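Structure, as structure tokens:
What follows draws every value from the coordinates through simple rules; no lab data is involved. Note that the structure is predicted; figures quoted are calculated from it, not measured. FYI the Cβ positions are ideal-geometry reconstructions off the backbone, even for glycines, and counts take in every protein chain you see.
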């Protein structure tokens, strides 16, 4: 966790790219880059670690990699489209879009399954808390 009262800044992908390009063109230490661009306290490792992360992301994914927002908790529903689950669809066998209808159905069922798992976990947690209160 960050320190209390410290504001987290969001840097644009263009700014990140310009910093990385400057680092590549003019050999400087991370410490010097932090001071030059006022990215934080150069004595603390947070800003240097951030620069290393930007550099790694740029080398792996280019400019597009820098544009991806990486903050926050990752979705547990990996491989499943985000958004609201679609309503049940009647599948017409032999139709040209049967495969697409089946994929939509699978997506709906996976989302429903995830929802039911989370609901079950919440119910179990609530029951465990109630049981713990009774024991006291």
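Highest-first packing order for the peptide set 98-107, 127-136 is 98-107, 127-136, based on the mean count of other beta carbon atoms within 10 Å. What's the FRET efficiency of residue 133 with residue 103 using the Cβ-Cβ distance as r and R₀ = 41 Å, to the nearest 0.05? Once the sixth-power term is evaluated, E becomes 0.35. With R₀ fixed at 41 Å, the C-beta to C-beta distance from residue 38 to residue 93 puts the FRET efficiency at about 0.05. Label positions at residue 114 and residue 73, each projected 7 Å from the Cα along the C-beta direction, are separated by 1.3 nm.
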